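Shown next, in structure tokens, is the structure this report addresses.
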Amino acid sequence: MTSLFNVLLFSLALCADCFAVSLCSAVTLRKTDFRKVTTVSAVFAVIQSGLLLFGWVSGSIVASHILGFAHVAGFLLMFYVGASMVVEGIKGNEEHRDLNGFRNVLLAGVATSIDALSAGASLSLAALPLCDMLWRAAAVAVFTSLSVVAGILGGKSLGKYAGRISEIVGGTVLIAIGVGILI
């Protein structure tokens with residue numbers, strides 16, 4: 001059984017880029033009423049947890065073919081995702097930072113959730129049981145939703161600075177989780 005601390009750390013790491021995008025995008029939002037904030041947070045949470053589960057299922061299908069290399073593959077995926085987040089945080093890529101309009105929210109939700117897809121696949125390759133994966137997906141949905149709400153509400157003044165830092169920290173944590181899979 002996966003420890004609660006591990007699930008929380010994993011969830012926080014995965015939602016870091018959602019937090020960063022919502023924090024930075026809050027500056028561009030025309031309005032930040034209750035409906036807008038809850039819609040954006042719900043879309044991000046559903047996409048993030050859905051892609052995490054889809055990655056796990058996809059990884060399960062592939063796992064039987066590469067069972068001997070599963071831990072190495074899991075590490076490489078986590079390392080790639082974490083390193084990508086760190087690089088994007090350092091570069092400060094402004095792509096997908098406009099959350100005005102549902103289309104833009106969907107695009108930003110998918111763009112910030114590609115790491116969840118890879119993380120799900122790597123957890124599958126590491127033979128994480130379904131019940132543990134469901135707990136992680138639920139935690140990811142909750143933390144993603146809360147991080148987006150916090151990002152939007154706090155982003156008016158902090159977005160340009162803290163967003164990049166949270167992406168770097170989240171990427172670093174994912175790399176550390178990858179190292180844990182390898183060991």
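Quick note: the coordinates plus some simple rules give every number you see, no bench work behind them. Keep in mind that what you see is a predicted model, and the values were worked out from it rather than measured. Neighbour counts are summed over all protein chains in view; Cβ atoms, including those assigned to glycine, are modelled from backbone coordinates with ideal geometry.
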Taking the Cβ of Ser11 as the centre, find all other residues whose Cβ is under 15 Å away and add up their charges (Lys, Arg: +1; Asp, Glu: -1).
-2
Calculate, in nm to one decimal, what Lys91 and Phe54 gain on full extension: separation in residues at 0.36 nm each, minus their alpha carbon distance.
10.4 nm
Provide the FRET efficiency to the nearest 0.05 for the Asp132-Val179 pair, computing r from the beta carbons and using R0 = 30 Å.
0.95
